Structures are given as C-alpha cells and as structure tokens.
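A short worksheet on the structure shown next.
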Amino acid sequence: MTFEHPYLLAPRLSTLDHLTKGRVACNEVSSYLPSAARNIGMDRQIGHDARYDLAEEYMEVAYNLWEGSWEEGAVLRDKERGIFTDAAKVHPIRHQGEYFKVPGFHLCERSCRTGREAGVQMRRVQIRAMRSFDFPCCTPGSPGRTSLSATPEKGGCGECDH
C-alpha cells in the first residue's frame with residue numbers, strides 16, 4: 001500500500017468482489033524494503049511512523065470510496081428507461097489528507113457486504129495497533145473471521161445477487 005494509490009486499487013478490488021461473488025480477499029501491509037522504494041524511483045524508503053500514517057489514511061480513503069460514495073439503492077438497473085444508476089445517490093468523497101487527495105467518487109457500485117462482516121470496520125486505533133490492513137472483502141471460512149453471510153453454498157454474500 002505504500003506505493004499504490006487507494007483510488008486505483010479500490011475499483012480493482014470492487015470488481016473482483018463482484019466477479020467472485022464476494023470471494024475476494026486482500027491483506028494490505030506497509031512496505032518496509034529499501035529495494036522496493038528504489039524500484040519505484042524513490043531514493044529511500046519512507047520512515048516507519050510515516051508509512052503507518054500513510055497506511056491509516058490509505059484505508060480511510062479506501063473505506064470512504066467503498067462505503068461512502070454509493071448510497072444503498074443507487075443502482076437501479078432500469079432497462080426500460082436505460083438508467084443504471086441514480087446519480088443523486090452517488091457522491092464524491094472529497095478527501096483532503098496529508099498523503100492523498102481524492103475529490104471524486106468510487107467508480108464501482110458498492111458491495112452488498114460492505115461493512116457487514118465482523119472485523120471489517122477497523123478504527124484508527126486498531127489499525128495502528130495491528131499494523132495489518134484488511135479490505136472489506138473476505139473469503140468464506142478464512143482464519144480470523146467470526147461470522148460471514150457468504151458461503152460457497154449461497155453463491156456469494158447471501159444478501160444480494162452478487
């Protein structure tokens with residue numbers, strides 16, 4: 001996550017979430033290798049505390065894109081009128097931070113599971129304490145998850161047709 005912008009990663013994971021019917025998982029960690037920094041054109045690695053400050057903001061942006069951009073009911077899929085989305089229910093996140101500026105909205109519709117599984121909503125204190133970052137995508141039966149509505153038998157999240 002140190003070298004990837006959350007605006008670019010968010011739609012990739014959202015797309016995979018929809019294509020796999022809720023069976024995508026991603027564990028994001030902050031890079032610590034000096035060679036990784038050099039390989040993307042940096043002279044040196046970002047300092048430890050700054051990397052975790054960046055990671056915290058990264059997750060804030062990602063969650064705002066996934067959970068704050070598209071309201072429930074934004075997707076209409078109205079073939080008769082030729083309307084996919086109610087534009088009034090899709091909002092820019094207007095993030096202005098130390099590391100990221102993301103004025104726009106998420107490019108993908110929200111997942112039906114966003115924010116619903118146990119352990120998904122990580123707060124800043126938890127992020128700093130754990131030094132590990134999970135996206136709101138999960139694999140049914142994965143270690144560390146306590147309750148999921150998604151099961152292979154249900155074909156996805158079990159709450160919608162994704």
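Every number here is computed from the coordinates shown, using simple stated rules; none is lab data. Since this is a predicted model, take the numbers as computed values, not measurements. Virtual Cβ from ideal backbone geometry, glycine too; neighbours counted across all protein chains shown.
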Exercise for the section: Note down the relative contact order for segment 1-90 as a percent, whole number, built from C-alpha pairs under 8 angstrom at least six residues apart. Expected result: 27
Handout entry: Other-chain or far-sequence residues with amide H under 5 Å of Trp70's (modelled H)
Key = His91
Problem - Sites matching GluC sites (Glu not before Pro) across segment 37-79 that sit in DSSP coil, with at most 10 neighbouring C-beta atoms within 10 Å - result: Glu72
Exercise for the section: Between the alpha-carbon centers of segment 81-107 and segment 25-49, tell me the distance in whole angstrom. Expected result: 28
Handout entry: Karplus (6.51, -1.76, 1.60) ³J(HN,Hα), θ = phi - 60°, over segment 5-10, in Hz, Gly and Pro reported as x
Key = 7, x, 5, 7, 6, 4
